[in-house]
Amino acid sequence: MLIYKIFRADEWAAMQAQGETAGAPVDLADGYVHFSTADQAVETAAKWFAGAEGLVLLACETDRMGADLKWEPSRGGALFPHLYRALNMRDVTWSKPLPLDAGTHVFPKEML
């Protein structure tokens, strides 16, 4: 199953350069890397990245994350995937720009 992480361009560039990341500031504060399912990603973008340009969407395969991936209740009681280790480049299946069009992020067709 693919799950999704939204990064700002500089966060993605740093991960590419270092080969891994502990995540964005919110991830560091919470102690895990936040992900969303395909159904949750649109709302995540609207809530936490409203109006933000220069975003990158990462798709990651859950099978590669093993026991370090936990599904925990979050927004509205829905289960969200949380990774309790660094996110590695080998976890990433693909990355794509997440452009803004008329104030709304446009997700890749293969995700929706």
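Every number in this text was worked out from the coordinates using simple rules, so none of it is lab data. Being a predicted model, the structure only gives us computed values, none of them experimental. Cβ sites come from the backbone with ideal geometry, for glycine too, and all protein chains shown count toward neighbours.
Before moving on, here are some points about what is shown:
- Here the label points at Ala46 and Ala67, each 7 Å from Cα along the C-beta direction, are separated by 3.8 nm in the simple model.
- Per-selection Rg to Rh, the range 2-99 - Cα, Kirkwood hydrodynamic radius: 0.92
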